[in-house]
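Taking it in order: structure first as structure tokens, then the write-up.
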Amino acid sequence: MQYLPIHFDTRGAKILVVGGGPAAEAKLRTLLKTEANIVVVDTEVGPEIARWAEQGRLDWQNRDYKETDLDGAALVYAATEDDVVNAVIAKTATSRQIPVNAADQKDACKFITPALVDRAPVLVSIGTEGTSPALARALKADLETRLPPETGAFALKTKTLRDKVKLLLPSLSDRQRFWARILGGRDLSAQLRVSPEALEAQVEAELKEQDQSAGKVLLVGAGPGNPDYLTTAARRALHAADVIVYDRLVSDSVLELGRREAEYVYVGKTPGEPSIGQPAINDILVEKALAGFSVVRLKSGDPLIFGRADEEIEALQAHDIPVQIIPGITSAAAAAAAINASLTTRGTNKAISLLTGHDAKGFAEQDWVSLARPEGRAAVYMGVGAARFIQGRLMLHGADADRPVTVVENASRENQIIIYTTLRNLSDDIANAGISGPAILLIGYAERLSSSKERLAV
Ligand code: SAH
């Protein structure tokens, strides 16, 4: 991030605009919304600028620019129609440490003005650091449709309600959670449209319901990594959480949905490395919930599949801490989706096993006899290290060495990799592919041949 987005207080500040042509006029349209004292210097200005000067909305100095115009300026726009002049003004302003914007000369600019969606006092500014003005315009158009005109009025109403909420909820985190509940609902633009009276009624009802003292834990499925695969309930929970306790495989793009002010606790376990034990994780959950926090325990995929959820639930229940579970898309489902394979097929397999490659004792033993049968189908979690063992066990129990196996690494993520192989070649192909991320082995599943060879990007 080369540019830091900040909102600059313009009250009483002098903003100098050098130039009276179209470039200056475009800047002035935004500047006139501020509370700055705007000074425009040029011997000629367009009719709009002249009108604004007449209305007393800006001070037009009808003469050539001179260096003393910079005196006392908080910001400068070098917006004449002459690039050379703009560059000179920019250089002088910069040498005097006055932030300057030079029209169409990004390198000479000390600041740039972003595209703006204006629902004052709510402002959304959009910047692409000059990479794509077209994208900025498209984003602006999109947000213009999504933020209803009532957004500003909504914000003003919450300002008056905040005092009431503050009185009843003195703790900052309680208040943040409260507002997250009011705003984190199903449909934000519908919520922004509610009348001030309806909002007040909502706030009062929510305040009544608020049980300040009780912490709770939500066991939330983060899905396989792609935030599109996250449930709405999970998004809402993340938005309202005070504490987010998360695993190694939870992707950054999912974590970013939490509030900035929330406390983030990493409790990832890296295979083969010393890491935090389950009892210590349980203790963290209990401690944070007893302190009254709303805790989200974020686990990759679905929290109830190879997630040691029962151990956490029992620890919490032992302290009478309420637990709620929000399911997620498990990685086997994402892996099957990635290859267009149906996990169950009428007439072929009536069951699929979800297996772990490892258990507490090492490579996990399974019911190899039934898995080795032609209709045996399995999705193996944590199976990369155990691939040779699984292959050996299945073949030992009579499985066909040509049985298809598909390995999906980083299912649903941008770096997803798929390997189509067979039981015979499984461990060699895994080694050759250099798989290092989380992967699912789909045993008995092949690529579904489609008329088009192109694979859809997730
Ligand atoms: N609760 C999780 C599983 C946790 S065990 C779920 O329901 O998916 C960790 C294992 O999950 C990894 O070793 C890997 O086998 C699998 N896994 C997690 N994310 C994955 C992803 N994006 N792609 C493929 N496998 C994944």
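A short reminder: the numbers here are calculations on the coordinates, not readings from a lab. This is a predicted model, so every value here is computed, not measured. Virtual Cβ from ideal backbone geometry, glycine too; neighbours counted across all protein chains shown.
A few notes on this one:
- Trypsin sites (Lys or Arg not before Pro) within the range 217-254, DSSP loop, no more than 15 other Cβ atoms inside 10 Å: R248
- Entry note, the range 148-213: relative contact order of 50 percent, from Cα contacts under 8 Å with a spacing of 6+ residues.
- Amide N of the range 371-390 lying under 15 Å from the label point, which is placed 7 angstrom from the Cα of T344 along Cα→Cβ: 376-379
- Put the Cα centre of the range 47-99 next to the Cα centre of the range 388-415 and the gap is 69 Å.
- Those residues of the range 101-130 whose amide nitrogen sits under 12 Å from the label point placed on T94, 7 Å along Cα→Cβ: 101-102, 105-111
- Normalised contact order of the chain, rounded percent, pairs of Cα under 8 Å and 6 or more residues apart: 9
- For the range 23-106, Kirkwood radius (reciprocal of mean inverse C-alpha pair distance, Å): 13.1
- Debye-sum result for the chain in log10 I(q)/I(0), which assumes one identical scatterer on each alpha carbon, at q = 0.06, 0.07, 0.08 Å⁻¹: -0.44, -0.57, -0.71
- Separation in nanometres of the label points that stand 7 Å from Cα toward Cβ, at E206 and L32: 3.8
- For a label point 7 Å along the Cα-to-beta-carbon line of D64, residues of the range 72-109 with backbone N under 13 Å: 85
- Sparse-neighbour loop sites [trypsin sites (Lys or Arg not before Pro); the range 308-394; at most 15 other C-beta within 10 Å; DSSP]: R308, R346, K350, K361
- Relative contact order (%) - criterion: Cα under 8 Å, at least six apart; region: the range 235-288: 35
- Averaging Cα coordinates gives a centre for the range 116-169 and one for the range 258-316; these two points are 34 Å apart.
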